[in-house]
Amino acid sequence: MDLNLNVSGELTALQVMQDSPVIPVIVLTDVAQAVLMARALLAGGIRMLEVTLRTPQALACIEAIARDVPEAVVGAGTVRNAQDAQASAMAGARFIVSPGYTQALAQACRDVRLPLLPGVATASEIMMAQADSLSELKFFPAMQTGGPAMLKAWNGPFGDVRFCPTGGVTAANAMDFLSLPNVVCVGGSWLAPADALARGNWAQITALAFQASRLNVKAD
Ligand code: 3PG
């Protein structure tokens, strides 16, 4: 964790990616649990938190974390259109993650002054994102779309692009991605398992975050 990063200012996508080796992908249905979840992850050393817009309570959860856990940096995931981006910004999200790429979404994120980490799965999508000056991208769904081998292949033509592979990434295979030169971090839901959330097992979540925060051993 880069403790020198001023998390109160505007962030870049690269800063979001560089803060820890794993960005937890979180599905929340309860505002009270959201705050406890954020604190548990923070206690394990992870503060960049992606809360997915997949539940009716997601925006309220983002708002609660932004308000009650100021040491965390909460972003919105599963953002698919301009309206989602605007609502996320209003709720206090500090970054936006999307499963795919559209120019409309990129423009909306610029309008609300939030960094966008857009999902790509093909060379053409990378080229479209780069045409809009975006070179920090989420590779999604990473395992299902070719895994580390795909990223190795892309490092030739797209050596200037840095990726956050997400989708099918686990504690067991995260290093296969993190050891690649074009990977800055990975995203994954394994840090916030639904059963631990349901049982309020915050110690388990802190332990998972701690392990994840120590994953990256790439030499500079
Ligand atoms: C998702 O779409 O939920 C994210 O990509 C996380 O995927 P995962 O559950 O495979 O980590």
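The values are calculated or read from the model by the stated rules, or taken from the named source; none is laboratory data. Here the structure is a predicted model, which means the values were calculated and not measured. Cβ placement follows ideal geometry from the backbone for every residue including glycine, while neighbour counts extend to all protein chains displayed.
Before moving on, here are some points about what is shown:
- Only one of the numbered conditions (1) more than 24 Å from residue 93 (Cα to Cα); (2) touching a strand residue (DSSP E or B) at 6+ places or on another chain (Cβ under 9 Å) is violated by residue 195, and that is (2).
- Residue match in the range 109-118 (condition: under 19 Å from residue 48 (Cα atoms), among the charged types (D, E, K, R), touching a residue at least 40 places away in the same chain (Cβ under 8 Å) and surrounded by 15 or more Cβ atoms within 10 Å (Cβ to Cβ)): no
- From 200, 159, 187, residue being within 16 Å of the ligand (Cβ to nearest atom) and small (Gly, Ala, Ser): 187
- Checking each residue in the range 20-37 for being in contact with a Cys (Cβ under 9 Å, 6 or more places away or on another chain) and either surrounded by fewer than 20 Cβ atoms within 10 Å (Cβ to Cβ) or in a helix (DSSP H, G or I) (or both) picks out 29, 30, 31, 33, 34, 35, 37.
- Count of residues meeting criterion [within 23 Å of residue 186 (Cα to Cα) and away from the ligand (no atom under 16 Å from the Cβ)] in the range 37-58: 8
Listed here are the residues, each with its yes/no results for (1) within 16 Å of the ligand (Cβ to nearest atom); (2) out of contact with any strand residue (DSSP E or B) (no Cβ under 8 Å at 6 or more places or on another chain); (3) at pLDDT 95 or above.
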position	(1), (2), (3)
82	no, yes, yes
86	no, yes, yes
108	no, yes, yes
111	no, yes, yes
119	yes, no, yes
129	no, no, yes
139	yes, no, yes
144	yes, yes, yes
176	yes, yes, yes
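- Residue within the range 61-73 that is of a type outside the set (Ser, Thr, Tyr), in contact (Cβ under 8 Å) with a residue 40 or more places away in the chain and buried (at least 20 other Cβ atoms within 10 Å of the Cβ) present: yes
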